[in-house]
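Before any comments, here is the structure.
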Amino acid sequence: MTTVYLDGQYLPIEQARVPVLDRGFLFGDGVYEVVPVYDRRPFRLDGHLTRLRASLEGIRLADPLDATRWREAIDAIIAAAAWDDLGVYIQVTRGPGPRDHAFPQQVHPTVLIMPLPLPLPSPQAVAHGVAAITAADTRWARCDLKTIALLPNVLLRQLSVDAGCAETILLRDGWLTEGSASSVLVVIDGVILAPPPSTQILPGVTHDVVLELAGAHGMACAYRAISEPELRSADEIWLTSSTKEILAVTRLDGQSVGRGEPGPVYRRLHALYQTFKHEVMRGGGAA
Ligand code: PDD
């Protein structure tokens, strides 16, 4: 049985119901998070809850729970889950109300927390990398908010599914932004490069872990804009996300990236990431 948290109640997922007038259903008026959990310990929970608060503030929705209640509810969903490794999906919408674009007079947010399977990349994908395509970034102007209004991301991701690829990498006016559901980093001349934080990009929690690890191990990193020609000629391209962890892109639009195999900088960082994850999570230290 899968147990979910809905508006203060713990229920079997089959019994969890949301009214058709919920603004998440009618308008995509809400925000979400996906928190990876290893060995029943949430990874970077503070980072995810901080980003959730920023997303809520960005859509002018008061945080419905305090930090202690978020943690209690998340812990209860993890304890009830069928798996030791999972994703915790958190969604907050502006709740039910008459169908009117303007906010309702009285807002009663809908809070859902549910477990998801965590399909981590296969050993094959880690060893050989994955293929990606590029597409124009057709999303809105506040991609820094993690909103549930994901139709552009859905359509962009499907382009790569249709092409038999793992991700669609997005370019806005000729500059790299991110993937349809992941952050993108590149390596040029041995330096790990990330597009600077902006309203065009989600601040990725995994991306931050990767850059912290790189910095802590003396690897060169910088934030700077990456042009389309630089992306296409990069030595390495990586995707990062809570579900992909860190994955090398070895083919982009049918062309080899670097030598067509995960590069040396990727291999080092992937190993550092796995060690960090295992030490912190399995060893019980603070994430
Ligand atoms: N997506 N950029 C976008 C557009 C994303 O959707 C995601 C993650 C990321 C990476 O963020 P993080 O490292 O914090 O997971 C970047 C999640 C996993 C999802 O929508 O399922």
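The values are calculated or read from the model by the stated rules, or taken from the named source; none is laboratory data. Small disclaimer: the values here were computed from a predicted structure and weren't measured. Glycine also receives a Cβ, built like all others from the backbone with ideal geometry; neighbour counts cover every protein chain displayed. Heavy atoms of the whole protein, side chains included, go into the accessibility calculation; ligands, DNA and RNA do not. Shrake-Rupley method; radii C 1.70, N 1.55, O 1.52, S 1.80 Å.
For the range 123-281, relative contact order (Cα pairs under 8 Å, six or more residues apart, normalised by length) works out to 26 percent. Note: relative contact order over the range 3-117, using C-alpha pairs below 8 Å and six or more positions apart, is 38 percent.
Counting only protein heavy atoms, what percent of the accessible surface of the chain is carbon or sulfur at a 1.4 Å probe? Result for the chain: 56 percent of the exposed heavy-atom area is carbon or sulfur. Overall shape: rounded for the range 123-281, with the ratio a/c of the largest to smallest alpha carbon gyration tensor axis below 1.5. Each residue of the chain gets 133 Å³ once the volume of the Cα convex hull is shared out per residue. The residues of the chain expose, per residue, 47 Å² of accessible area to a 1.4 Å probe. For the chain, relative contact order (Cα pairs under 8 Å, six or more residues apart, normalised by length) works out to 18 percent.
Just to confirm my numbers, what's the Cα centroid distance between the range 209-287 and the range 83-118 in Å? Rounded to whole Å, the Cα centres lie 31 Å apart.
Shown for the chain are the DSSP H helices of 15 Å or more along their axis, judged by Cα atoms, with a mean Kyte-Doolittle hydropathy of at least 0.0: 67-80, 151-162, 205-216. The local environment of Arg267, defined by Cβ-Cβ distances under 15 Å, has a net charge of -2 under the rule Lys, Arg +1 and Asp, Glu -1. The accessible-area ordering, largest first, of the residues His48, His270 stands as His270, His48, per a 1.4 angstrom probe. Placing pseudo-labels 7 Å out from each Cα toward the beta carbon at Ala136 and Asp100 gives an inter-label distance of 3.7 nm.
Distances between every pair of Cα atoms in the range 3-117, grouped in 5 Å steps from 0 to the bin holding the largest one, split as 2, 12, 22, 23, 19, 13, 6, 2, 0 percent.
Evaluated with a Cβ-only charge set (Lys, Arg +1; Asp, Glu -1), the range 123-281 carries a dipole of roughly 200 debye about its Cα centre, given to the nearest 20.
Rolling a 1.4 Å probe over the protein heavy atoms leaves Ser180 with an accessible area of roughly 10 Å². Taking all protein chains as they are arranged and a probe of 1.4 Å, the heavy atoms of Trp175 leave approximately 120 Å² accessible to solvent. Once the C-beta distance of Ser256 and Ala54 is scaled by a Förster radius of 35 Å, the resulting FRET efficiency is 0.40 to the nearest 0.05.
Label sites at Ala76 and Leu151, each approximated as a point 7 angstrom past Cα along Cα to Cβ, lie 3.5 nm apart.
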